[in-house]
Amino acid sequence: HLEMNIPCLLELLRIPYTGSSSLALGLCQDKGLAKDVLTAHGIPTPKYRVMFSGEEEISGLSFPLMVKPLREDASIGISEESVVRGEAELRARVKYIRETYHQPALVEEYIEGRELNVAILGNDPPQVLPISEILFLNKGADQPKLVDYQAKWVEESDAYKSTPPVCPAPLAPHLKDLVVSTALKAYRVLGCRDYARIDIRLRDGVPYVLEANPNPDI
């Protein structure tokens with residue numbers, strides 16, 4: 001949560017550095033603010049609400065919903081319990097996020113679709129690297145498809161073994177072009193520079209931006 005402080009210090013000392021600015025790092029770490037910017041620029045992102053107390057109204061959102069910490073990275077706080085299907089589950093999960101991570105919860109509509117990672121390098125113009133797709137193996141129709149903490153970091157876990165990446169992702173040319181243009185637009189409007197990764201869920205031909213990672217694993 002102090003990630004943006006280092007470039008802030010470098011900026012004050014007028015020391016050049018690579019990567020996104022302190023402002024972009026701070027913006028992307030607050031997932032609610034980042035989604036505000038994406039929405040303002042017409043970039044598809046799942047409908048969302050930031051819940052500070054857990055008592056807020058959720059009108060306008062449709063279950064199932066995804067609940068995660070507002071200001072974390074690396075899938076911290078994400079598990080199968082993060083996908084909730086009713087109001088009681090929602091309130092309980094928001095309470096868990098608040099008590100465990102001491103921050104608000106981001107609540108957004110769960111998008112059932114293909115999980116794509118779009119890595120981008122450079123600025124003028126930025127270059128999109130081959131798109132990577134996370135496969136979800138051995139998942140039942142009623143199980144949420146998530147890259148949770150275990151899937152990302154615990155190599156001996158079933159979740160890790162059943163979510164292999166495929167790169168390049170097999171995408172029809174028109175879908176690839178749409179994903180690339182959406183990722184580049186998100187990269188620009190969020191102020192990313194030098195390198196970043198845009199995470200996308202593709203459903204019914206629509207690329208929904210989940211979040212941007214300005215200090216990513218590429």
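Identify, by number, the condition in (1) closer than 24 Å to residue 4 by Cβ; (2) of a type in the set (Val, Ile, Thr); (3) open to solvent by 40 Å² or more (accessible area, probe 1.4 Å) that residue 118 doesn't meet.
Status for residue 118: all satisfied but (3).
Kindly indicate which of 71, 14 is open to solvent by 70 Å² or more (accessible area, probe 1.4 Å), farther than 25 Å from residue 202 by Cβ and within 14 Å of the chain's Cα centre (by Cα).
The conditions single out 71.
Name the residues in the stretch 178-200 that are within 18 Å of residue 40 (Cα to Cα), of a type in the set (Gly, Ala, Ser) and touching a residue at least 24 places away in the same chain (Cβ under 8 Å), would you?
Matches in the stretch 178-200: 183, 186, 191.
Return the only residue of 37, 50 being touching a residue at least 60 places away in the same chain (Cβ under 8 Å), touching a Leu at 6+ places or on another chain (Cβ under 8 Å), open to solvent by 20 Å² or more (accessible area, probe 1.4 Å) and not in a loop (DSSP other than H, G, I, E, B).
37
Please determine, by comparing only the residues of the stretch 122-144 that are open to solvent by 60 Å² or more (accessible area, probe 1.4 Å) and in contact (Cβ under 8 Å) with a residue 60 or more places away in the chain, which one is nearest to residue 162 (Cα to Cα).
143
Which condition breaks for residue 81 when tested against (1) touching a helix residue (DSSP H, G or I) at 6+ places or on another chain (Cβ under 7 Å); (2) within 26 Å of residue 5 (Cβ to Cβ); (3) in a helix (DSSP H, G or I)?
Every listed condition holds for residue 81 apart from (2).
Go through the stretch 35-60 and give me each residue that's within 20 Å of residue 98 (Cα to Cα), out of contact with any Gly (no Cβ under 8 Å at 6 or more places or on another chain) and not charged (D, E, K, R).
Correct list: 51, 52, 53, 54, 58.
Quick check on residue 6: is it under 26 Å from residue 215 (Cβ atoms), open to solvent by 20 Å² or more (accessible area, probe 1.4 Å), in a helix (DSSP H, G or I) and touching a helix residue (DSSP H, G or I) at 6+ places or on another chain (Cβ under 9 Å)?
In short, yes.
Please identify the pairs in which a residue from the stretch 153-174 that is without any contact (Cβ under 8 Å) to a residue 60 or more places away in the chain has its Cβ atom under 9 Å from the Cβ atom of a residue that is open to solvent by 90 Å² or more (accessible area, probe 1.4 Å) and basic (Lys, Arg), counting only partners at least 6 apart or on another chain.
Final answer for the pair search is 155/161; 168/176; 169/176.
For the subset of the stretch 145-179 comprising residues that are open to solvent by less than 30 Å² (accessible area, probe 1.4 Å) and in a helix (DSSP H, G or I), which member is farthest from residue 128 (Cα to Cα)?
For the stretch 145-179, the residue satisfying everything is 159.
The values are calculated or read from the model by the stated rules, or taken from the named source; none is laboratory data. Predicted model only: the values in this text are computed from it and were never measured. Neighbour counts are summed over all protein chains in view; Cβ atoms, including those assigned to glycine, are modelled from backbone coordinates with ideal geometry. Quick note on the areas: whole protein, heavy atoms, side chains included, nothing else; ligands and nucleic acids left out. Shrake-Rupley method; radii C 1.70, N 1.55, O 1.52, S 1.80 Å.
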